[in-house]
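Inspection log for the structure reproduced underneath, given as structure tokens.
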Amino acid sequence: MSKPDSNENKGFSEGVEAQARSWVTYLHSGDATEEKLAEFETWLAADTRHVIAYHDYEQIMMDLGVPCGVLGEQENGPSVTLLSQESRRASGRFSPRALAGGVMAAAFALAATIGVSLHGRPATDPGLTVAEHQVFETAVAEVRDVTLPDGTVVTLGAKSRLGYKFEDGLRTAELLDGEAFFDVAKDEVHPFYVQAGDRLVRVVGTRFDVRETSDTVMVTVAEGIVQVMKGQDPQIAESQHQVLPKDVLTAGDQVVASIGSGQRRTGGVEPDSVASWREGWLAYEDVSLGDIIGDIRRYDRRAYDFSDPQLGQMRVTAAFGADRLDQFLFALEASYPLSVDTSDPAKVVFRPAD
């Protein structure tokens, strides 16, 4: 599954994207002149979409680990990686996807020079009030980017829903269902809150993923500092921010909180693997099969059932493409004590192994 084209989602013309690509390549070549830098500043100032397009293309190159302007071939990994319980115990830290390429040289050096940064996108208005409260929704297998009024870019996962409101000095988004990756525009005066289940996530500008299931909220950090606390009212949380108990997470940290209780567990992941679903890659480490199937339902219209509910509690470590679900089911059956019945084209049934 490929990520939807940015032209379609953000209203960029092909000309704007071509210009953004050209500027990224040129400005990271090491040969930029003062005259060209002035021309670049003029181009940025002409339209806020230029700022976002430049940032997006630069970020794509960083995410891929490819030096800008040098796009070589990358070796593809296996379509499905799945560890049995025995092999998982024998292995070390799980790394679901090895990223190819080198390190992007001088990332954000230009931004420091001319005052344009990752979060140098459209500024929030002084009153921080957006009259129109919107809800965004994606269909099965649809992944799409949404740009909020402050310049924050949210990648909304398949079959997910997100609402937002900016008022009373706060930027607030509510994950109503599914999963979303947030690239929050920096604004230290106006904190950004994400409400999911009975948890609140507070940042002033960073990149992180939030996933909500029927009974948990999972927050994973790709970059920066994120605070996770129990609560459902951002205004109350902000007024009591200094005294509220909270988990403080940095890049690679993850917390899984149980909805309806104070229980939570913390762990770590490779920062580069956070929200790999944005590239169509679903990765799990020691996660219940029931939770994995909950995600798969957002990519597949077939019904998924367990003949024995205990099978849903089985802990699984796996990584696979969202467009290769049948290969995952085959590997699952071969590695774990269960059988997978796909005889009905509209249904998948998990049964105990014979």
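The values are calculated or read from the model by the stated rules, or taken from the named source; none is laboratory data. Nothing here was measured: the structure is a model prediction, and the numbers come from that model. Note that we place each Cβ from the backbone using ideal geometry, even for glycine, and neighbour counts take in every protein chain shown. The area values use the complete protein model at the heavy-atom level, side chains included, leaving out ligands, DNA and RNA. Shrake-Rupley method; radii C 1.70, N 1.55, O 1.52, S 1.80 Å.
Output yes when any residue across the range 323-337 is in contact with a Pro (Cβ under 8 Å, 6 or more places away or on another chain) and either surrounded by fewer than 19 Cβ atoms within 10 Å (Cβ to Cβ) or assigned to a loop (DSSP other than H, G, I, E, B) (or both), and no when none is. Yes, that holds for at least one residue.
Within the set Asp56, Asp63, Asp47, the sole residue that is modelled with pLDDT of 65 or more and under 25 Å from the mean Cα position of the chain (by Cα) turns out to be Asp56.
Within the range 42-54, residues that are within 14 Å of Gly15 (Cα to Cα) and open to solvent by 80 Å² or more (accessible area, probe 1.4 Å) sit with their Cβ atoms under 7 Å from residues that are among the β-branched types (Val, Ile, Thr) and at pLDDT 75 or above, at 6+ positions apart or across chains, in these pairs: Arg49/Val16.
So which residues in the range 297-320 are among the polar types (S, T, N, Q) and not in a strand (DSSP E or B), if there are any at all? Listed by number, the residues that qualify are Ser307, Gln310, Gln313.
Checked against (1) under 22 Å from Thr220 (Cα atoms); (2) of a type in the set (S, T, N, Q); (3) open to solvent by 10 Å² or more (accessible area, probe 1.4 Å), Gln310 meets all criteria but (1). Among strands (runs of 3 or more DSSP E) entirely within the range 230-292, having at least 2 residues that are open to solvent by 50 Å² or more (accessible area, probe 1.4 Å) and within 30 Å of Val349 (Cβ to Cβ) singles out 281-288.
Just need a number here: residues in the range 268-306 that are of a type in the set (Ser, Thr, Tyr) and at pLDDT 95 or above. Selection size over the range 268-306: 2.
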